[in-house]
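Let me begin by presenting the structure, written as structure tokens, before commenting on it.
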Amino acid sequence: MAQLSTKIHSLIAREILDSRGDPTVETMVILESGYRGVASVPAGTSLGKYESVELRDHDEKRYGGMGVLKAVSNVHGAIASKIKGMDALDQGGIDKVLIDLDGSKDKHVLGSNSILSVSLATAAAAANASRMPLYRYINQVFKPFSDTQMTRIPTPTFNIINGGKHGAGNLDFQEFHIVPASNKSFSVALEMGVAVYKGVKEILKYRNAVYSVGYEGGFAPNLFTNMDALEILAEAITSGPYTFGVDIFFGLDLAASTFRLERGGYKIKDKAGALSSADFIRYLVELHKKYRLLILEDPLDEDDWGNWVALSKEIGKDVLVVGDDLLATNPERLNRAIKEGACSAILVKPNQIGSLSEFLGVIAIAKQAGIKTIVSHRSGETNDSFIADLAVGVQSDYVKFGAPARGERVAKYNRLLQIETELASGKSF
Ligand code: PGA
Ligand code: ZN
């Protein structure tokens with residue numbers, strides 16, 4: 001049979017909506033053979049300062065300025081004219097062309113949204129043309145960065161209560177998680193996540209505190225303090241069949257840049273006055289003693305490097321101190337964190353860096369340095385499940401895809417269920 005061409009024939013981009021009702025970019029890459037791949041990009045709400053920049057129209061007459069028609073036209077114009085005719089199997093070459101065409105450090109010229117949608121859709125098209133499931137194709141693209149065997153589904157960390165910018169406005173901490181023990185299979189872990197999620201709902205109903213769900217599908221209740229949220233999680237776990245500290249652990253994403261005071265220090269509802277950074281660290285150490293946290297993400301501001309190092313010295317051995325806004329999936333910031341010992345894990349989000357190849361490079365640096373990896377969604381998501389395949393392909397330690405509820409979140413979990421059965425069957429799909 002003649003070899004079917006994997007050259008890129010055309011690109012079709014469009015403006016679609018994300019789970020918050022905000023526009024985002026979806027791109028289809030069509031190969032000369034007729035094989036195609038589609039990918040859409042997510043968007044954050046609590047954006048880090050050091051992320052790549054998505055291009056918005058800022059035309060107040062459409063979607064409150066959030067439209068992405070300029071990014072869509074960049075795909076059809078500048079990007080298409082450069083990458084048409086290139087081989088979709090050459091992910092590195094295509095990403096390099098996209099990066100060079102933009103020319104800026106933060107991708108603000110063409111927009112990280114236009115660039116990433118093309119980068120991911122190229123991989124999806126190449127996987128289809130290679131008749132491989134996407135996770136297997138990604139694993140192959142990842143080989144030159146890090147030769148990784150696919151043996152497991154990463155452990156999920158479930159966001160059960162949403163606060164901060166994702167919630168109802170009365171909790172400072174952005175995310176309250178439960179993390180099933182890593183020795184559970186993914187399908188068992190998912191069932192545990194759902195059991196606790198439903199248990200929390202019952203407790204909130206009983207307390208008359210259900211408000212709504214937040215951006216990531218977790219509950220956004222009327223509570224007074226951050227501690228109240230942790231107490232409710234603890235109650236939901238202990239009233240169920242699972243043992244806290246054996247089967248299930250706690251995780252938090254503080255997104256602390258959102259409540260850091262301009263003059264330095266932090267202010268949270270649980271304390272009457274403002275806390276200095278040193279006092280806030282003491283508070284976090286106490287919090288860990290009480291709740292035995294497994295994951296503690298963005299406990300401090302994204303520029304508070306010295307205090308990250310101080311906190312990691314105190315609790316970094318037993319807690320995964322995770323850099324999200326701190327690191328922004330950026331290789332230079334990750335290298336600095338490794339050198340200084342600022343954190344022990346990295347949250348990795350494709351749209352923070354803006355291309356698949358750069359994303360894979362960041363994962364490889366983390367793995368090499370023994371930094372744990374958590375592949376993550378954004379608060380504004382679509383039903384695209386690319387990141388599920390991505391997490392399996394690079395064998396991240398954890399995945400953070402939100403609550404085990406709401407369509408755009410369960411799209412990823414359901415994809416992991418499919419992959420779990422495929423891997424277990426031992427067959428190459
Ligand atoms: P974001 O939140 O997508 O709104 O940035 C996710 C996170 O902080 O982890
Ligand atoms: Zn975060």
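The values are calculated or read from the model by the stated rules, or taken from the named source; none is laboratory data. Computed from a prediction, not measured in an experiment: that's the story for all the values here. Here the Cβ positions follow ideal geometry from the backbone for every residue, glycine too, while neighbour counts run over all protein chains shown.
If I ask for residues that are among the hydrophobic types (A, V, I, L, M, F, W, C), away from ligand 2 (no atom under 16 Å from the Cβ) and closer than 23 Å to TRP305 by Cβ, which ones from region 224-278 would you list?
LEU261, ILE268, ALA274, LEU275, ALA278
List pairs: first in region 325-337 and within 14 Å of ALA364 (Cα to Cα) and within 16 Å of ligand 2 (Cβ to nearest atom), second in a helix (DSSP H, G or I) and of a type outside the set (A, V, I, L, M, F, W, C), Cβ under 6 Å, 6+ apart or cross-chain?
Matching pairs, first to second residue: THR329/GLN352.
Are any of the residues in region 107-114 at negative phi, within 16 Å of ligand 1 (Cβ to nearest atom) and out of contact with any Lys or Arg (no Cβ under 9 Å at 6 or more places or on another chain)?
So far as region 107-114 goes, yes, one or more of its residues are at negative phi, within 16 Å of ligand 1 (Cβ to nearest atom) and out of contact with any Lys or Arg (no Cβ under 9 Å at 6 or more places or on another chain).
Which residues, counting only those in region 386-409, are within 22 Å of VAL38 (Cα to Cα) and surrounded by fewer than 21 Cβ atoms within 10 Å (Cβ to Cβ)?
Correct list: ARG406, GLY407.
List every residue pair whose Cβ atoms sit under 7 Å apart, with the two residues 6 or more apart in sequence or on different chains, where the first one lies in region 352-376 and is within 15 Å of ASN335 (Cα to Cα) and without any contact (Cβ under 8 Å) to a residue 24 or more places away in the chain and the second, anywhere, is assigned to a strand (DSSP E or B) and among the small types (Gly, Ala, Ser).
none
Just give me the residues in region 348-380 being under 10 Å from SER396 (Cβ atoms), of a type outside the set (Gly, Ala, Ser) and touching a Leu at 6+ places or on another chain (Cβ under 8 Å), in sequence order.
Passing the criteria: LYS372, ILE374, VAL375.
Exactly one of these conditions fails for VAL109: (1) buried (at least 18 other Cβ atoms within 10 Å of the Cβ); (2) over 30 Å from VAL410 (Cβ atoms). Give me its number.
Of everything listed in (1) buried (at least 18 other Cβ atoms within 10 Å of the Cβ); (2) over 30 Å from VAL410 (Cβ atoms), VAL109 misses just condition (1).
For VAL246, state whether it is surrounded by fewer than 18 Cβ atoms within 10 Å (Cβ to Cβ), outside any loop (DSSP other than H, G, I, E, B), away from ligand 1 (no atom under 16 Å from the Cβ) and not small (Gly, Ala, Ser).
For VAL246, the condition - surrounded by fewer than 18 Cβ atoms within 10 Å (Cβ to Cβ), outside any loop (DSSP other than H, G, I, E, B), away from ligand 1 (no atom under 16 Å from the Cβ) and not small (Gly, Ala, Ser) - is not met.
Working carefully through the options VAL399, VAL394, VAL375, VAL410, find the one that is closer than 22 Å to LEU294 by Cβ, of a type outside the set (Lys, Arg) and more than 13 Å from the chain's Cα centre (by Cα).
VAL394
Can you name the number of the only condition in (1) closer than 21 Å to ASP172 by Cβ; (2) in a loop (DSSP other than H, G, I, E, B); (3) modelled with pLDDT of 95 or more that ALA234 fails?
Tallying (1) closer than 21 Å to ASP172 by Cβ; (2) in a loop (DSSP other than H, G, I, E, B); (3) modelled with pLDDT of 95 or more, ALA234 fails exactly one: (2).
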